[in-house]
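First up is the structure itself, then whatever we jot down about it.
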Amino acid sequence: MIRFLYVIFMNLFRAPYMIPKMRYQANHPEKYSDSKRYSLVRHAITLMKRTGRIHTRFYGEELLPKEGGYVMYPNHQGKYDALGIMISHKEPCSFVMDKNKSHTVLVSEIVDLVQGKRMDTNDVRQAMTVINEISKEVAEGRKYIVFPEGGYEFNNKNSLGIFKPGSFKCAVKAKAPIVPVALIDSYKVFNSFHLGKVTTQVHFLKPLYYEEYKGLKTVDIAEMVKSRIAEVLNQYSFVQT
């Protein structure tokens, strides 16, 4: 939390230029391509990383599907998670986040630049509408980040929560590849008491293609994705000890 406030404070002088630029491009997608707007988001993330002494290593880029849309399912650790994935994922991608947390300055601009989805977790009908919209867009070739745990615990020490089966419906409906993503030490950036330089890891794991999971229930898919992520986290924990 201290680092988050520090990063915001140290970048205040950029706000009068960056925020209006981000808002303008977000409001005029007809003038700026997905790649152009995504590049601006990645530039903003890079500035935050430099200020906050944040380093992110990523692995498994070669495993990502070469064509079409897909849904990435990472473990959830904090505010930096989506940013860490986007700075590691070169092609434009979008994400889903809690509607109530999506309207603060900068967060709102980033959500709108990548045409992200705001989900009201207390409104089942609205949530289903969002899932259907994601399914349609993924089927048309868009890439998405969906956090199956929904939320996260402060300073969670790379632990995993419950993966909600319903979050996998958007990939199943689109018959799209499911890409498990293991995040390591992402919580240290903005959701812990960790100070000083921090290095996070993003691991893109082997995708699950529709032919592999089409006969499974979403609860089984959720457990399969969770187990693959857990394997990477356990390996990291073993190395650390």
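Our coupling estimate for the stretch 58-75, obtained by passing each phi through the Karplus curve with A = 6.51, B = -1.76, C = 1.60 and θ = phi - 60°, is 10, 9, x, 4, 5, 7, 5, x, 7, 9, x, x, 7, 10, 8, 10, x, 6 Hz, Gly and Pro reported as x. A DSSP coil position with no more than 16 other Cβ atoms inside 10 Å describes the following GluC sites (Glu not before Pro) in the stretch 24-129: Glu30, Glu67. What FRET efficiency, computed as 1/(1 + (r/R0)^6) with R0 = 45 Å and r the Cβ-Cβ distance, is obtained for Lys217 and Lys157, rounded to the nearest 0.05? Plugging the Cβ-Cβ distance into 1/(1 + (r/R0)^6) gives 0.90. Averaging the sequence gap over all C-alpha pairs within less than 8 Å and six or more residues apart, then dividing by the number of residues, gives the chain a relative contact order of 28 percent.
3J(HN,Hα) couplings calculated from phi for the stretch 176-193 with the Karplus curve 6.51 cos²θ - 1.76 cosθ + 1.60 (θ = phi - 60°) are, in sequence order, 9, x, 9, 10, x, 10, 9, 9, 10, 6, 5, 4, 5, 5, 10, 10, 7, 9 Hz; Gly and Pro show x.
Scanning residues 5 or more positions from Thr56 or on other chains, those with amide H under 5 Å from its amide H are Thr200, with H placed 1.01 Å from N in the peptide plane. Relative intensity of the stretch 59-101 on a log10 scale, I(q)/I(0) at q = 0.18, 0.20, 0.27, 0.33 Å⁻¹, equals -0.60, -0.74, -1.24, -1.56, per a Debye sum over C-alpha point scatterers of equal strength in the absence of solvent.
With a ≥ b ≥ c the root eigenvalues of the C-alpha gyration tensor of the chain, is it rounded (a/c under 1.5), prolate (a/b larger than b/c) or oblate? Taking the square roots of the gyration eigenvalues as a ≥ b ≥ c, the chain is oblate. Ordered from largest to smallest accessible area (heavy atoms of protein chains, 1.4 Å probe), the residues Glu133, Glu149, Glu223, Glu211 come out as Glu211, Glu223, Glu133, Glu149. Proximity of backbone amide H atoms, modeled 1.01 Å from N, is registered between Gly69 and Gly141, Arg142 at under 5 Å, excluding neighbours fewer than 5 places apart on the same chain. Loop-located chymotrypsin sites (Phe, Trp or Tyr not before Pro) in the stretch 107-180 (DSSP state other than H, G, I, E, B) with a sparse environment of at most 13 neighbouring Cβ atoms within 10 Å: Phe154. Given axes a ≥ b ≥ c from the Cα gyration tensor, I'd like to know whether the stretch 47-181 is rounded (a/c under 1.5), prolate (a/b larger than b/c) or oblate. Rounded, since a/c falls under 1.5. What the phi angles of the stretch 76-92 give under the Karplus curve with 6.51, -1.76 and 1.60, with θ = phi - 60°, is a coupling list of 10, 10, x, 5, 8, 3, 5, 5, x, 6, 5, 6, 9, 9, 5, 7, x Hz, glycine and proline written as x.
Other residues with beta-carbon under 13 Å from the beta-carbon of Lys66 carry, at +1 per Lys or Arg and -1 per Asp or Glu, a net charge of -2.
The values are calculated or read from the model by the stated rules, or taken from the named source; none is laboratory data. None of these values were measured; they are calculated from a predicted model. Reconstructed Cβ throughout: ideal geometry from the backbone, glycine too, with neighbour counts over all protein chains shown. Just so you know, the surface numbers come from the protein's heavy atoms only, side chains and all, with ligands and any DNA or RNA stripped out. Shrake-Rupley method; radii C 1.70, N 1.55, O 1.52, S 1.80 Å.
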